[in-house]
Every structure is written in structure tokens, then in C-alpha cells.
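Below is one structure, written out as C-alpha cells, with a few remarks after it.
The values are calculated or read from the model by the stated rules, or taken from the named source; none is laboratory data. From a predicted model like this one, the values you see are computed outputs, not experimental measurements. Heads up, the Cβs are rebuilt from the backbone with ideal geometry, glycines too, and the neighbour counts pull from every protein chain shown.
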Amino acid sequence: MRSSPDYTVRESARATRVCLKISLAGQLEVVVPRGFDPRRVPALVDRKRAWIDTALRRVDEQRSLFAPNISKALPNEIILQAIGERWNVEYHTLADANRVTLLPQQDARLIVRGAVDNTTLCRTALKIWLSRQAQTHLVPWLDEISAQTGLSYRQARVRGQKTRWGSCSRSRTINLNYKLLFLAAPLVRCVLVHELCHTVHFNHSSSFWTLMAEKEPGYKALDVELRTARRHVPGWAD
Ligand SMILES: [Zn+2]
């Protein structure tokens, strides 16, 4: 719970009653009709506390969803929660190099070699490696769930979408985001089942959710977690 929320009061000639507004920045504004006694505002805000808390929490969630980790710094360690892998990343400079090469080692070291001062090149190489990891691990996982649930698809592709974890086209092609690798396995599974359910219902109708509940009974709690899961994606990978 929050302590008493900060707010501003604005008098509006058009307002006929008191109205509470919350901006995307999380600012609470109390709009009152002309002539409204400002001394009545604190009690009014107090009465609306439950509503305000819920609305502020929702705005917080939206913000963490749309503002992922800002730092684009290159990683020294990469933790792929989805598949339980942890990689140590080493950067080896090569004189006169104008590109970088990634060399995954057996002992979970990932060597980035070449023009490692060029962070853009390094990030690109790391993202290509990530999407290969996704191809190796997420696509067979999708196959496995497809067999378990009896929901078939035509083709799977790995991409680096900005705003979605996965999608399914009308031709039953499923696109998976390689950033799923940073999420906990149950969340990834929920996304995979969700996209497979779209091969039957190409919408979010009640029939879709009925099928989803049948194939993944705990999906509701997982969907709530997914709303803010983008914060697990490191900035360099986004
Ligand atoms: Zn969907």
C-alpha cells in the first residue's frame, strides 16, 4: 500500500462533478467543478484510495512493460532462465579487425573476438547467437507442446519482435521472440501454448480462452506475470 498519494487539483469550468485522473507518468490529478471547496478534496481522495492504488499500480506495470532496461551495456554474463543456461562472456580484441566473431566454448564461455570496441557489432553478434539458441531450444519445445496438446502448426520462425512474445498467422505460422529465453520456463510454456491455441481460434474470443484453460489450466496467473516480464530482458538484447 502507498502512503497518502500526491495529487494536484485543477478547477474546470466544464466539469460538473469531481473527477480523478491518472497520467501515464503516474501523476494523480483531481479535477473539480468551478466553485468546489478545496478543503473537501483530501477526504474525497481518501475515500477513493483503493481505486487510486489499483490505477497507480496498473500505470507502473504499463511503464515497466514499455520501458525495458535502458542500459545497452555489453554483458559479462548471460543468463537464459528459460533453458537453465548461464554463459560467461569474454571480449578479445584483435588488432585491425573490422568485424566480430562469436565462439561458444564447451565450458559455457562465450568468446567475442575481433573489433570488440564496436559495441553495435558486438550487440548484433550476440543477438544472432541468441536467435540461434532460440531456434535450437524454443522450436523443439514448441514441437513437444504441440504433440502434448494435439495442436499442430505449419511452421515456426524466430524473430526479435519489439512488443510481443509471439504471434501466429492465419496460415498457422508461429513467430517466437528470442527474448523469451530470458523468462522463466513456465512463462515461456504459457506463451507457446497461447500461440498454439491461435492455430484453432484466430482471436481472443471466449472459445479461445476456454481452449487455453483446457491446455494450460494455470494460464491466468502466468498472463499477469507476463505483462511485466519484459523487465527480465537485458537492454543489449532489446
Ligand atoms: Zn493471442
*Condition met for Val139 (at pLDDT 95 or above, more than 16 Å from the ligand (Cβ to nearest atom) and of a type in the set (Val, Ile, Thr))*: yes
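Results for (1) of a type outside the set (Ser, Thr, Tyr); (2) at pLDDT 95 or above; (3) under 19 Å from the mean Cα position of the chain (by Cα); (4) crowded, with 21+ Cβ neighbours inside 10 Å, shown as yes or no for each residue.
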| position | (1), (2), (3), (4) |
| --- | --- |
| Ala185 | yes, yes, yes, no |
| Val191 | yes, yes, yes, yes |
| Glu195 | yes, yes, yes, yes |
| Asn203 | yes, no, no, no |
*Quickly run through the range 205-238 and pick out the residues that are more than 24 Å from Val59 (Cα to Cα) and surrounded by 13 or more Cβ atoms within 10 Å (Cβ to Cβ).*
Phe208, Trp209, Leu211, Met212, Ala213, Lys215, Glu216, Trp236, Ala237
*Being among the hydrophobic types (A, V, I, L, M, F, W, C) and buried (at least 19 other Cβ atoms within 10 Å of the Cβ) is the filter; apply it to the range 130-140 and report the residue that is nearest to Thr199 (Cα to Cα).*
Leu138
*For Gly160, which of the numbered conditions (1) in contact with a strand residue (DSSP E or B) (Cβ under 6 Å, 6 or more places away or on another chain); (2) small (Gly, Ala, Ser); (3) at pLDDT below 95 fails to hold?*
(1)
*Within the range 188-203, which residues are touching a helix residue (DSSP H, G or I) at 6+ places or on another chain (Cβ under 8 Å) and either without any contact (Cβ under 8 Å) to a residue 12 or more places away in the chain or not assigned by TED's automatic domain parsing to the domain that holds Ala134 (or both)?*
His201
*Out of the range 172-199, which residues are under 17 Å from Arg132 (Cα atoms), of a type in the set (Val, Ile, Thr) and in contact with a strand residue (DSSP E or B) (Cβ under 6 Å, 6 or more places away or on another chain)?*
Ile174
*asked:* I'm told Glu216 meets every condition in (1) away from the ligand (no atom under 15 Å from the Cβ); (2) touching a residue at least 24 places away in the same chain (Cβ under 8 Å) except one. Can you identify the failing condition by its number?
replied: (1)
